[in-house]
């Protein structure tokens, strides 16, 4: 399958799209949902390439259409990303203007709305008019974390395709086979990716991405030995940072507490942070199964609250109050930098 050559994982989604192409039952609007960096945008753009590619098993990657898609300047394909913090009504109106024109080269006009959850209400209502009566040649694709993040009226007019994390083994194999990552590093990145192939590939090519992850782990260690006022100071500082920074910290913290929970339960499951097993095991011994479960649930509640635009400082403070206080000797063997938070995170997806 042509799409499978360009995308890691998501075989069920690929099979559905390939079947639609073979049966000439292309939907006018798709909603690709799932975690960031799991491959939604990569597959959406590859699907656009396939629809415009003349090869019998598209996308071929070598024809003029595919090359122009990869370069980002195909006349019949448009990528729309938020301007600032939102997708605005003027951007939707520009899309509508272009869709009023028939395709220049291919059989379709492709429009991909990235981070569609950031669409303003006015923009979403304007887009709804196009979704209700799309031109026969229009294929719109929306990328969002979940159907709930968009207006129900928009969702109801899209074919929803859900993306699950890619199996860790598959991520590791792809890192080695496609990107030449050494086995040991590929294993570490695959575990830490949580099935987000985009993050794993980015970390493989940019050492700073993994370095920032390591710093978030060190910050978790520090917080567990700090007093309340120090935790509150951290919450205040983190609340003032960008959404991506807050989400990256909370996702790393959930993964770390998940490891603690597994150790406390005595399971034989592999740890995401195998390199941190000594400290994770020590934390599990200190807090027990219920304590690990409570800390993980507190972190998850904060993550959900921030997804719903709750007060970031209050949500983070509540989380940190539910985290246990552990003795410094549990982490004293680690040479930690001066207290503070990491103010940068990796962004984007390949």
Exercise. Once both axes come from the Cα atoms, what is the angle between helix 228-239 and the longest principal axis of the chain, in degrees from 0 to 90, rounded to 10?
Worked result: 10
Problem set entry | Shape of the stretch 206-350, Cα gyration tensor, a/c cut at 1.5 | rounded
Exercise. Under the classification rounded if a/c is under 1.5, otherwise prolate if a/b is larger than b/c and oblate if not, where does the stretch 1-119 fall, given a ≥ b ≥ c as square roots of the Cα gyration tensor eigenvalues?
Worked result: oblate
Exercise. In percent, what relative contact order does the stretch 205-298 have, based on Cα pairs under 8 Å that are 6 or more apart in sequence?
Worked result: 25
Problem set entry | DSSP-defined beta bridges in the chain - what % are antiparallel, rounded to 5 | 5
For this session: Any chance you could give the angle, 0 to 90 degrees and rounded to 10, that helix 207-225 forms with the longest Cα principal axis of the chain?
Result: 40
For this session: Measure off 7 Å from each Cα along the Cα-to-Cβ vector at residue 27 and residue 170, then give the distance between these two points in nanometres to one decimal.
Result: 1.9
Problem set entry | With Cα atoms, 0 to 90° folded angle of helix 89-99 axis to the chain main axis | 40
Seminar exercise, completed: Mean Cβ-within-10 Å packing, highest first, puts peptides 181-191, 125-135, 261-271 in the order 181-191, 125-135, 261-271
Problem set entry | Inter-centroid distance (Cα atoms) of the stretch 308-326 relative to the stretch 243-266, Å | 14
Exercise. Gap in Å between the Cα centre of the stretch 95-128 and the Cα centre of the stretch 199-232?
Worked result: 38
Problem set entry | Overall form of the stretch 170-282 per C-alpha gyration tensor (a/c, 1.5; a/b vs b/c) | oblate
For this session: Among DSSP beta bridges lying fully in the stretch 3-162, give the percent that are antiparallel, nearest 5.
Result: 5
Exercise. Could you give the nm distance between label points at residue 67 and residue 230, where each point is 7 Å from its Cα heading toward the beta carbon?
Worked result: 5.9
Exercise. Taking the Cβ-Cβ separation of residue 120 and residue 98 as r and a Förster radius of 22 Å, what is the calculated FRET efficiency to the nearest 0.05?
Worked result: 0.65
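Where a number appears in this text, it was derived from the coordinates with a stated rule and is not lab data. Keep in mind it's a predicted model, so treat the numbers as computed, not measured. Here Cβ is always computed from backbone atoms with ideal geometry, including for glycine, and neighbour counts include all displayed protein chains.
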